[in-house]
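First the structure, in the form of structure tokens, and then the observations on it.
The numbers here are math on the coordinates, done by the rules we state, and not lab data. Computed from a predicted model, the values in this text were never measured in an experiment. Note that we place each Cβ from the backbone using ideal geometry, even for glycine, and neighbour counts take in every protein chain shown.
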Amino acid sequence: MAQSMKPVVLLMFVLSLVCAAMAHAASSDLQMEALSNLSYPLKDAPNGKVPLKGGRFTAPLKDSAARFEARLLTPIALSSWRGKEVAAVVLSYSSGGSGVFRRLFFLTKDEKAWRPKAWTCLGDRVQIRYLGLEHHGKIVVGMINQGPKDPLCCPTQKQVRVYIVKGKKLLPKKTVPTQIFPDQIHFARNISSGDIKAILVPEQGFSAHGITKVAPYPSHVALMIDGKIWLRILPAEAYKNMWMKKNDFTIQIAIKRIERIIKGKETDFTPPLPILPPQPGINDLAARVELIDLAQGRGIGFIGRISKTFSCVKPGDLKYFFSGLSNKERFVLSFSHEISIKKLPQGTWSCENSISGLRSQIAKVTELLKSADDNRFRPRISMLKKFLASISIEDGK
């Protein structure tokens, strides 16, 4: 009887995921509608405010034939902070001249009504490419700004600005360069039943003591699945240069090895294999190793683990790793996703407490993973490969 119920239970689970996704989308649409019909404070506007209707507002200017015009830009960013719903939006406005200004607003939702709490100017005729809001009040803006020699009309400098909310102010925390924005990344949304979100991650530098808990990296795009980063797309040269400036050749060596592997110059896939960003520990297991073609590049994928000690392989250790290069080796793709397998023989996850015992278990586990049917893995290897193969990066944007 229990077995006959399994398809029904599975169907109900799938329907619950679909309903949750639809509810999330509907909620976002409702918030967008509310923010598009809100009044925003702005001293440059008539009467010092911008009462949007349908995301737009226009009004005549006193003693002038020109008109004041404003509109809410997309995307918007929604999150939660200190028990409240919060949002970040960008308002674009002009007063009839050549200037078109962008103003960043942070809002909170009180008693079901959105209220602007803090704001700052982003500049004149800058291009907004990304807007992100973290739950602790950090706002990330991806934009193209005017460089030292750029005219106001034609910005070319790609950058990431980070602001923090402090009382009624938005304070600039840092401004760093970027070579890529999330809207350049295209992929098939079939890796997980969960929510997939592309985010812009600002540069993370070296600490005074070397590698921080999160390995240093340049500004890049990451894909988050249910709130956790699984894939990073990093500019290769910036990544190598960041580490080489500290006389650390870790990234250069790893990228060079990936190049050799994808060009067929290296065919020995004995671990350790290159895994980026660098992680504490060593890759001592690599099963089902194979080359995977991307839309604009190639890489190596495998089931493996990172071990900090000489300990037996456990089910929770296993991940699917992928390291590749795309767009004529300009970008590094680094992917890891937890993976599980059903119905392995009893005793698979135990070994003798010795180096030889561990080696014997790793060889056994590697062979079992290699021979297992794809349907026994969660998520399926074929689904992960299909997702990776679908990733493309739009150049020149």
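Return the aspartates and glutamates within reach of Lys385: Cα separation strictly under 18 angstrom, same-chain partners fewer than 8 residues apart disregarded; answer none if there are no such residues.
Cross-link targets: Glu290, Asp293, Glu338, Asp373, Asp374.
Normalized C-alpha radius of gyration of the stretch 27-177, against 2.2 N^0.38 Å? Present the calculation step by step, with values, prior to reporting the outcome.
Details: Rg = 15.4 Å, N = 151, 2.2 N^0.38 = 14.8 Å.
Cα-based Rg divided by the globular estimate yields 1.04.
Which one, Asn375, Gly264, Ile303, is farthest towards the positive end of the dipole of the chain when Lys and Arg carry +1 and Asp and Glu -1 on their Cβ?
Checking the options against the dipole of the chain, the answer is Ile303.
Along the Cα→Cβ direction, 7 angstrom out, place labels at Asp395 and Arg56. What is the inter-label distance in nm?
Each label point lies 7 Å from its Cα, and together they span 3.7 nm.
Among Lys117/Lys158; Lys138/Lys169; Lys49/Lys169; Lys117/Lys138; Lys109/Lys138, which pairs are too far apart, with a Cα-Cα distance over 21 Å?
Details: Lys117/Lys158 28 Å; Lys138/Lys169 12 Å; Lys49/Lys169 18 Å; Lys117/Lys138 14 Å; Lys109/Lys138 17 Å.
The answer is Lys117/Lys158.
Largest first and to the nearest Å, give the Cα extent of the stretch 184-393 along each principal axis.
Between the extreme Cα coordinates on each principal axis of the stretch 184-393 lie 46, 38, 36 Å.
So how long is each side of the chain along the principal axes, counting just the alpha-carbon atoms, biggest first, in Å?
Cα extents, longest axis first: 87, 62, 37 Å.
Can you list residues from other chains, or at least 5 along the same chain, whose modelled amide H is less than 5 Å from the amide H of Tyr130?
Close amide H contacts, sequence-distant or interchain: Gly142.
Based on the alpha-carbon gyration tensor of the stretch 26-114 and its eigenvalue square roots a ≥ b ≥ c, which shape applies: rounded if a/c is under 1.5, prolate if not and a/b is larger than b/c, or oblate?
Working: a/c = 2.36, a/b = 2.27, b/c = 1.04.
Prolate, since a/c reaches 1.5 and a/b exceeds b/c.
Looking only at Leu223, Leu131, Leu171, which one moves most when the chain is put into a Gaussian network model with springs between Cα atoms under 10 Å?
Leu171
How much length would be gained if the chain were fully extended between Ala34 and Leu344, taking 0.36 nm per residue of separation minus their Cα-Cα distance, in nm to one decimal?
Numbers: separation 310, 0.36 × 310 = 111.60 nm, distance 5.26 nm.
Contour length minus Cα-Cα distance gives 106.3 nm.
Grab the DSSP H runs of the chain that are 4 residues or longer, score each as -39,500 (n - 2.57), total them, divide by all residues and round the 222 nm result to the nearest 500 deg cm²/dmol. Walk me through the intermediate numbers first.
Numbers: 5 runs with 83 residues, N = 397.
After summing the helix terms and dividing by the residues of the chain, the value is -7000 deg cm²/dmol.
Taking a cut-off of 16 Å between Cα atoms, list the lysines near Lys265, but don't count ones fewer than 8 places away on the same chain.
Straight-line reach from Lys265, under 16 Å: Lys256.
Only counting other Cβ atoms within 10 Å, I'd like Val140, Val89, Val176, Val162 sorted with the fewest neighbours first.
Details: Val140 21, Val89 27, Val176 14, Val162 18.
By the 10 Å Cβ count, ascending, the order reads Val176, Val162, Val140, Val89.
Given the stretch 127-282, report the % of alpha carbon pairs whose separation exceeds 28 Å.
Details: 3794 of 12090 pairs.
Beyond 28 Å sits 31 percent of the P(r) for the stretch 127-282.
Take the alpha carbon gyration tensor of the stretch 287-327, find the square roots of its eigenvalues, order them as a ≥ b ≥ c, and report rounded if a/c is under 1.5; if not, report prolate when a/b exceeds b/c, else oblate.
Details: a/c = 3.86, a/b = 2.86, b/c = 1.35.
Prolate.
Over the chain, calculate the relative contact order: mean separation of alpha carbon pairs under 8 Å at least 6 apart, over the residue count, as a percent.
Details: 770 pairs, mean separation 35.2, N = 397.
Computed value for the chain: 9 percent relative contact order.
Distance from the Cα centre of the stretch 56-123 to that of the stretch 339-383, in angstrom?
So the two Cα centres are separated by 54 Å.
Helix 381-390 versus the longest principal axis of the chain: what is the Cα-based angle in degrees, 0 to 90, to the nearest 10?
So the inclination is approximately 40 degrees.
Of the peptides 249-255, 97-103, how do they stack up when ordered by the mean number of other Cβ atoms within 10 Å, highest first? It would help to have the intermediate numbers written out before the result.
Working: 249-255: 17.6, 97-103: 14.7.
Per-residue mean Cβ counts within 10 Å order the peptides as 249-255, 97-103.
For Thr175, Thr270, what ranking results if the residue with the fewest other Cβ atoms within 10 Å of its Cβ goes first?
Fewest-to-most ranking of Thr175, Thr270: Thr270, Thr175.
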